[in-house]
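In what follows, a structure is listed as structure tokens, so that the remarks can point back to it.
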Amino acid sequence: MSSVEAQRVSEQENGQASDQDKLTTIISISEAVSKVISPDAGSQSPLTAEDNKLIEEYQKAALSHPSELQFLAFKNIIKTETTPTCGFAGSGSYQYLVNTDTGNSYKVTVRTQWQQGSESGYFDKVYTSPAGTKIRLGCTVSGNITGPKSYYTRQVVGEMLI
């Protein structure tokens, strides 16, 4: 732990921490928990036949819109897979970032919103999404029997062609 982090923890324990410091700490803890629950988050996985079918259906749906609106659709989407399960008591599902553009790569900003009891927040992370791939983002639930569960939802909030 750095001296700055130690000072923030000390300030929090003494009730002197600012709201921004508290938020930064909560986000850091949330990201750390997410890494523990899903240590392979950010890793690429091979596309399955189901993924290819999803890509085909998504491309058809995007093309069904008027041409002046087609550019508004993100090429990268979030896919939730219910098997295998993950998280607390197997109550969560894995989420993936799927690049539906088989010819181009993107820098994609994914927003992860979290809730733990009455606390909630979000953090953004940028992924490099190669053409026609999927990237594991993490589980939708974390926690254990002695502590509160955390719930995560993810959405694409930006992408840039690279």
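Rule-based calculations on the coordinates, nothing more; no lab input. Note that the structure is a prediction, hence the values are computed from the model and not measured. Positions of Cβ are generated from backbone atoms using ideal geometry, with glycine treated the same way; all protein chains shown enter the neighbour counts.
Packing-based ranking of 52-60, 98-106 yields 98-106, 52-60, ordered from highest to lowest mean Cβ neighbour count within 10 Å. Return the distance in nm (one decimal) between the two label points of a simple spin-label model at K53 and E68, each offset 7 Å from Cα along Cα→Cβ. Those two pseudo-labels are separated by 3.7 nm.
Across segment 43-51, coupling constants 3J(HN,Hα) worked out from phi with the 6.51/-1.76/1.60 Karplus curve, θ = phi - 60°, read 7, 7, 10, x, 5, 9, 4, 5, 4 Hz, and Gly and Pro carry x. A Förster radius of 22 Å combined with the Cβ-Cβ distance from T102 to K125 puts the calculated FRET efficiency at roughly 0.40.
Of the peptides 135-141, 108-114, 64-70, the ranking by mean beta-carbon count within 10 Å, highest at the top, reads 135-141, 108-114, 64-70.
Here the contact order of segment 39-161, divided by its residue count and restricted to Cα pairs under 8 Å and six or more residues apart, works out to 31 percent.
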